[in-house]
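Report on the following structure.
Just so you know, all these numbers are worked out from the coordinates, no wet-lab data involved. Just so you know, these numbers come straight off a predicted model, no measurement behind them. Here the Cβ positions follow ideal geometry from the backbone for every residue, glycine too, while neighbour counts run over all protein chains shown.
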Amino acid sequence: MNVRENLRFGMPKHAVAETIGAAARALQVEEHLARMPRELSGGERQRVALARAILSDPLALLLDEPLVHLDPTLRGRARETLQELRRTFEGPMLYVTHDHAEAMAMGDKLGVLVEGRLEDYGPPQRVYDRPANLRVARAFGDPPMSLIPESGRVLGIRPEYVRVGTEGELRGEVERYDAIGADAYLRVRTPRGIVTARIASTPAYTPGESVALEFPSEGVIAFDAATGDRIDG
C-alpha cells in the first residue's frame, strides 16, 4: 500500500476522506501520499506512522520516541502538532522520550524511569526543581544537577542557580566552557566535585582559570546521603 492507502487503512468507517489530507499536511507528508513505504526516509516513515495513529481514532495514544528520526526543523513542527493533539485528544496519551526538554514540554505529568524503575512522577516542573531522589537528580536534566557532599547530606543544585564570580563559598578551576548563544555552560572542578553553571556567554572563561562559586539557598535541594531520598523542609 502507498502512503494514502496506509493512512486510510487505519481510519474508522465513519471518518471522512478529507481528514487524510489534514493529517498529512500537519505532519509534512502530503507530497508523499502516492509513494510506497520503501521510497520514504526513516523520518518520513515516522511521520506517516504518527499520522496513521492519529487517524485511527484511538482510545489511547502510546507514542514511543515519535520524533527521534526527524531533523530539528521538522521535529519542532511535529512537536507543535502533538501539543495541539494533546490539548484536543480526550483519551490518555503516553509519550516516551529520552529528550528532557521534550518531556518537559509535552507532559502534564512526567515520570522518570531509571534502569526500568519508576523513580519519580509528578508535574514536570516539580520533578525538575525538586527530584524525588539522587537517582532522578543524576538522570533528569541536561546537564543534570550538580551534587555536592556535605556531612550526611548531598546538596543538589541546577546549573542556572550557580553564581560565578571572584568570591564565593567554593573555589574551583574551570575545566570546560561551552557557549550556546547568549548563554554558556561552565564546568568547574572543585575539591568537592564537578559543578556546572549556566551563565551569560560573556565574558568567556578559559580552562585552568580560577573561579569562585555561590549557591543561593532557594536553588539548593538536600538529599539523604544514605538513602538518596530528598529531604523536605
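Assorted remarks:
- Residue-averaged 222 nm ellipticity for the chain, from DSSP H runs of 4+ at -39500 (n - 2.57), nearest 500: -8000 deg cm²/dmol
- Along each principal axis, Cα extent of the range 145-231, largest first, Å: 39, 23, 19
- Simple Cβ-charge dipole of the chain, Lys/Arg +1 and Asp/Glu -1, about Cα centre, in debye nearest 20: 520
- Potential extension, LEU59-GLU160 segment - 0.36 nm per residue separation minus Cα distance: 32.4 nm
- Here the spin labels are modelled as points 7 Å beyond Cα on the Cα-Cβ line, and at GLU169 and THR88 they lie 4.9 nm apart.
- For the range 210-223, Karplus couplings with θ = phi - 60° (6.51, -1.76, 1.60), whole Hz, Gly/Pro x: 8, 9, 10, 10, 10, 10, x, 4, 5, x, 9, 10, 9, 10
- Theoretical FRET efficiency, 1/(1+(r/R0)^6), r = Cβ-Cβ of ARG153 and SER217, R0 22 Å, to 0.05: 0.95
- Gain on full extension, evaluated as 0.36 nm per residue between HIS69 and GLU31 minus their Cα-Cα distance, stands at 11.8 nm.
- In the chain, one over the average inverse separation of all distinct C-alpha pairs is 20.6 Å, which is the Kirkwood hydrodynamic radius.
- Length added when fully stretched, TYR121-ARG8, from 0.36 nm per residue minus Cα-Cα: 37.0 nm
- Taking θ as phi - 60° and the Karplus parameters 6.51, -1.76 and 1.60, the scalar couplings of the range 94-106 work out to 9, 10, 9, 7, 9, 7, 5, 5, 5, 4, 5, 6, 8 Hz in sequence order, x denoting glycine and proline.
- Distance between modelled label sites at ARG138 and GLU209, nm, 7 Å Cα→Cβ extension: 3.1
- Hull volume in cubic angstrom per residue (convex hull over the Cα atoms of the range 106-178): 133
- Chymotrypsin sites (Phe, Trp or Tyr not before Pro) within the range 131-233: DSSP coil, no more than 12 neighbouring Cβ in 10 Å: none
- Neighbourhood charge, 14 Å Cβ-Cβ cut-off, centred on TYR177 and excluding it, Lys, Arg +1 and Asp, Glu -1: -1
- The range 28-62-the range 135-158 distance, computed between alpha-carbon centres (Å): 40
- Anisotropy class of the range 3-108 from Cα gyration tensor, a/c 1.5 cut: oblate
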